[in-house]
Amino acid sequence: MSSGADVTAQRGDRPHSDIFTVKLYSEVRVAESRSHRGDSPLIPSVFPLMSSASHSQEAGSNELHHVGSSWSRIAGLSLGAIGVVYGDIGTSPLYAVRECFNHHHHMAVTPEAVFGIISLILWALISIVSVKYLGIVIRADNHGEGGILALMALAIRGRKHSQRTRNLLVLCGLLGAALLYGDGMITPAISVMSAVEGLTLITSRFESSVQLVTICILVGLFAVQFKGTGSMGRYFGPVVCIWFTFMACIGVPSIIASPEILAAFNPLLGLSFISSHGKDAFVALGAVFLAVTGTEALYADMGHFGRTPIRYGWFFLVLPALTLNYLGQGALLLRQPELVAQPFFHLVPAPLLIPAVVLATMATVIASQALISGCFSLSNQAIQLGYLPRLPISHTSGREQGQIYIPWVNYGMLIGCCLLVGLFSSSSGLAAAYGIAVALTMSLTTILVAVVARRWWRWSLTRISCSLGLYLLIDLVFVFSNSSKLLDGGIVPLLIAGLMMLLMTTWKTGKALLWNHIRERVPPISSLPDEIERIAPAVVEGTAIFLVRDPGLTPASLTYNMRHNRVLHARNLLLTVKPNDVPWWPDETTRVSLEHLQWYHGASFVRCIVNQGFMESVDLSRVLSPYLTPTALGDDPKDVTYFVDRVTPVADSMPGMAIWRERLFSFMNHNAEQPTEFFKLPVSRVMEIGLRIEI
């Protein structure tokens with residue numbers, strides 16, 4: 001064991017059924033202290049949101065790891081956050097105002113409509129982004145990580161919910177995650193296409209090439225994802241800062257020319273517009289919502305940059321620039337309502353039109369990064385929580401743990417984006433499909449945050465109703481206003497979400513069925529002495545590490561090795577990787593828990609539990625190396641053999657899932673990364689034992 005461990009074992013002449021435990025003193029103390037607080041000894045109880053005081057100190061928060069106390073580091077991360085996190089919401093001015101007056105809405109460009117729509121956009125930015133997300137939702141970090149799955153894990157942690165309540169919370173998390181995948185495919189397509197369409201203002205010759213150019217740009221964007229969000233953020237940040245500055249600069253002259261547009265800051269104008277225009281205004285709200293799309297990615301990408309840099313970037317640059325540009329577009333439409341087809345580009349002076357289109361194209365390429373990196377984080381969380389099969393994951397930064405790259409997700413999104421560009425002929429067509437997935441995700445996020453506020457922040461029901469209840473009502477209004485787009489393409493992100501829900505629920509259910517059948521085939525760990533007595537295997541020198549999912553079961557590979565090879569190693573480590581509902585295991589000294597079980601005929605057995613957060617990829621050989629020494633478990637790491645079960649599910653007509661879902665699960669399992677690669681085991685010392693299990 002590691003230094004400082006005190007191991008005492010009274011072997012004596014105990015019967016085989018006796019099991020006695022020896023643990024590191026530090027682990028015992030941690031377990032006792034957590035038990036005293038009523039928490040599980042294997043789940044850390046340190047949580048920064050239990051009170052406002054602990055929140056202000058950010059105890060246990062991973063954000064301190066990200067931003068530290070260095071202002072230069074905060075500035076650097078703020079620059080990266082502007083480049084990656086705010087790219088999506090920063091390109092909404094290209095199409096949001098235009099779509100509010102789309103011919104499908106039958107909305108005339110009158111002064112009343114202009115004032116009302118600009119007012120609604122401004123107050124959507126202030127209330128939803130500034131207050132709701134940056135003031136409330138971003139506080140609900142799961143030890144520094146954001147995103148709806150991290151939020152779901154936070155909501156179900158700690159308190160014993162009823163099975164029905166737990167299932168509803170899990171459903172909210174999974175549905176929100178599935179919807180974000182649909183949004184993640186539409187965002188790059190609509191952002192890039194809306195910028196490329198600016199070329200048609202220069203010459204009509206580009207009209208036939210918009211789709212081809214858009215696809216080429218998207219291919220280039222996804223091709224560089226392996227470099228990581230951190231390295232790209234360093235390049236993206238300055239470009240997006242120039243973009244926001246440019247948007248502010250082209251808006252100011254228009255505001256000066258029509259200063260009456262400043263009256264749009266009055267929220268009563270927006271409410272008056274809704275009340276006077278009835279159904280048309282309700283439909284137009286779906287287009288107003290386009291101004292805040294990308295906000296959910298802001299929360300999902302929190303683990304990449306931290307809470308403080310994201311807030312600084314918004315309040316010091318992004319919000320002022322967006323405000324000036326939307327006001328500028330409104331002022332332009334007050335003077336020249338006939339320019340409603342492209343109000344953003346008509347703000348640009350003619351000599352700067354080509355540079356503006358180039359800059360807009362660069363900004364929209366960068367805008368796509370927010371959802372792409374958010375989907376990487378989301379997929380990693382789903383994998384560790386057991387809702388998606390194991391996929392190869394690359395960590396792209398040695399300093400920021402949350403910066404990852406998942407090739408399967410990257411190329412799956414690329415294919416989806418290209419198909420959407422081919423399916424919809426213009427950004428207006430894509431806009432019809434855009435919004436409903438984001439609005440639904442925001443609604444689900446509000447529900448989960450309300451649970452967290454009640455459980456961890458100790459908010460009263462009155463406070464939750466007056467704040468989050470109001471925001472849930474606003475979210476639902478946007479959901480219903482976007483539902484008018486269903487027949488015009490809004491069904492597409494819902495179909496994508498439905499496919500992802502099918503994959504996640506099939507994988508989770510299939511794994512449960514699979515392990516239920518495995519439990520029927522392998523004996524519990526308590527019967528291991530009797531099994532050894534019956535088989536009487538020969539004991540050979542060396543250390544064997546057996547991977548097993550359930551620490552209460554005998555590893556199938558151990559049982560089959562004894563039954564068929566009649567051999568048993570002198571030292572046997574029964575290893576379980578335990579996923580937890582925290583993103584990063586907070587204390588390396590308690591990551592590994594050892595329990596000495598039994599010595600029999602010269603063979604020893606040790607149960608080992610390695611704790612893992614849902615954002616981590618654990619290198620088992622590195623984690624175990626301090627314990628695999630002659631003074632601890634007895635062998636040099638180079639002389640250790642790993643035994644891994646390779647389970648092959650076979651679909652049949654037994655009760656369980658529908659036969660087509662069982663075949664889908666078998667296909668997913670076949671293409672999942674094997675434990676040897678996923679846990680970074682030394683391939684030359686791994687022995688795999690195959691099992692065919694009918695489900």
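Of note:
- Pair residue 660, residue 207: separation of 7 Å Cα→Cβ label points (nm): 4.2 nm
- Backbone HN-Hα couplings from phi across the range 280-291 [Karplus 6.51/-1.76/1.60, Hz, Gly and Pro as x]: 4, 5, 4, 5, 5, 4, x, 7, 4, 4, 4, 5
- Remark: the residue 266-residue 694 segment gains 147.6 nm on full extension, using 0.36 nm per residue and subtracting the alpha carbon distance.
- Scoring 79-88, 130-139 by mean Cβ neighbours within 10 Å over their residues and listing the highest first yields 79-88, 130-139.
- In this rough spin-label picture, where each label sits 7 Å from Cα along the Cβ direction, the residue 673-residue 466 distance is 4.9 nm.
- Members of 227/508; 132/279; 508/578 lying beyond 22 Å, as alpha-carbon distances in this model show: 227/508; 132/279
- Residues of the range 315-337 with amide N under 13 Å of the 7 Å Cα→Cβ point at residue 126: 320, 323-324
- Cβ crowding within 10 Å averaged over residues, with 177-188, 584-595, 384-395 ranked highest first: 177-188, 384-395, 584-595
- Cα gyration tensor, the range 359-475 - rounded (a/c under 1.5), prolate or oblate: oblate
- For the range 417-490: rounded, prolate or oblate by the Cα gyration tensor [a/c cutoff 1.5]: prolate
- Considering only alpha-carbon pairs that sit under 8 angstrom and 6 or more positions apart, the relative contact order computed for the range 298-396 is 28 percent.
- Rounded, prolate or oblate (a/c below 1.5 giving rounded, otherwise prolate when a/b exceeds b/c) for the range 514-610 by Cα gyration tensor: oblate
- Across the range 202-354, Cα-Cα distances exceeding 25 Å account for 47% of all pairs.
- Extension gain from residue 650 to residue 164, taking 0.36 nm per residue of separation minus the Cα-Cα distance: 171.9 nm
- Added length on full extension, which subtracts the Cα-Cα distance from 0.36 nm per residue, residue 680 to residue 352: 112.8 nm
- For the range 138-145, 3J(HN,Hα) computed residue by residue from phi via the Karplus equation (6.51, -1.76, 1.60; θ = phi - 60°) reads 5, 5, 7, 8, 8, 6, x, 9 Hz, glycine and proline entered as x.
- Sorted on the mean count of surrounding Cβ atoms within 10 Å across their residues, most packed first, peptides 521-528, 89-96, 296-303 read 296-303, 89-96, 521-528.
- Bridge type composition, the range 541-622 - antiparallel percent by DSSP, nearest 5: 35 percent
- Rg over Rh [alpha-carbon atoms, Kirkwood Rh] for the range 295-413: 1.11
- Amide H contacts for residue 542 (H built 1.01 Å from N in the peptide plane; partners 5 or more residues away or on another chain; cut-off under 5 Å): 570, 571.
- Each of residue 426 and residue 641 was given a label point 7 Å from its Cα along the Cα-to-Cβ line. The distance between the two points is 6.9 nm.
Here, each number is a calculation from the coordinates, and none is a lab measurement. Not measured: the values here are computed from a predicted model. No Cβ is skipped: glycine too gets one built from the backbone with ideal geometry, and neighbour counts run over all protein chains shown.
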